[in-house]
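Undergrad: Here it is, the structure, as structure tokens.
Nothing in this text is a laboratory measurement; each read-out follows from the coordinates by a stated rule. Small disclaimer: the values here were computed from a predicted structure and weren't measured. Using ideal geometry, Cβ is built from the backbone for each residue, glycine included, and neighbour counts are taken over all protein chains shown.
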Amino acid sequence: SKVDFIQENAPEKIEIKTSLLAEIDAATRPDIVIASSSSGLPSSKFIGKCTNNPGRILIGHPFNPPHLMPLVEIVPNQKTEKSSVETAVQFYKSLNKRPVVLHQEVPGFAANRLQAALCSEAYSLVSRGIISAEDLDACVTNSLGPRWALTGPLLANAMGGGGGTDGFRHLLEHLGPATEVWLKDMQDHAFEFNKESLDALSTSVGEELKGKDVQSLEAERDRLLVEILKLKNS
């Protein structure tokens, strides 16, 4: 084989990935890194039939829309060799991507778990009638989104506490008791994927979408994403 790096993009189904990865593993040189684009399934779930060199297999998960978003999550499994991780990091950097390395497997990896946590609370608030879908989205696009796009949540908290490690710890100690109350309430009212909740949530999202063309929204999103990324890299 003349390839130097393999990016597998099969559907998110264990049986399909298991079969495909085994074929790729058998047909390629054992030194070639094989990265799976799985968005939530750890690679240990589908490398069981790879006997050539399972140490070169890892997750290389791009974030949507992948042609614009810089992030790629690299997630090794217990058999992945350190050199394979290093090769993947350098490969994605050469494409002007921003690779991040997880040190152990967790379902959903990092970015999707963060997204799931925020979306779960958003679904709960909207489905319970506490806020409309339109105003919920405005909460993100007019506060958390722009701020976190520049710093991320942890650095933002450090800055909010006065800066540095001491500032970060100070903010957590100051807001900890209140946050625990919020988290307890969130757990008590966690979104449930039942018909009643889904109906309420879908109705509110439908109201937000009234009169809007999804293709136009996607085009505008992509245009603005390019501008934001240009500013960040300038």
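Undergrad: So in segment 67-114, with the set limited to residues that are small (Gly, Ala, Ser) and free of Cβ contacts under 8 Å to residues at least 40 places away in the same chain, which one is surrounded by the fewest Cβ atoms within 10 Å (Cβ to Cβ)?
TA: SER94
Undergrad: Is there any pair linking a residue in segment 190-211 that is at negative phi to one that is not small (Gly, Ala, Ser), with Cβ under 6 Å and at least six apart or on different chains, and which?
TA: Hits for this filter: PHE191/TYR123; LEU201/TYR123; LEU201/VAL126; SER204/VAL126; GLU208/GLU134.
Undergrad: Go through the residues of segment 171-184 one by one and say whether even a single one is touching a residue at least 12 places away in the same chain (Cβ under 8 Å) and either within 24 Å of the chain's Cα centre (by Cα) or closer than 16 Å to ARG128 by Cα (or both).
TA: No, there is no match, as no residue in segment 171-184 is touching a residue at least 12 places away in the same chain (Cβ under 8 Å) and either within 24 Å of the chain's Cα centre (by Cα) or closer than 16 Å to ARG128 by Cα (or both).
Undergrad: Further question on the same structure: Return the residues of segment 7-66 that are within 18 Å of the chain's Cα centre (by Cα), of a type in the set (Ser, Thr, Tyr) and either in a strand (DSSP E or B) or surrounded by fewer than 20 Cβ atoms within 10 Å (Cβ to Cβ) (or both); say none if nothing qualifies.
TA: SER36, SER37, SER39
Undergrad: Follow-up question, since we're still on this one. So PRO107 ticks every box in (1) in contact with a helix residue (DSSP H, G or I) (Cβ under 6 Å, 6 or more places away or on another chain); (2) over 21 Å from ALA149 (Cβ atoms); (3) of a type outside the set (Lys, Arg) but one. Which box is left unticked?
TA: Status for PRO107: all satisfied but (1).
Undergrad: Quick one: in segment 185-222, of everything that is under 18 Å from ASP137 (Cβ atoms) and in a loop (DSSP other than H, G, I, E, B), which residue is nearest to the chain's Cα centre (by Cα)?
TA: Taking the candidates together, the pick is PHE191.
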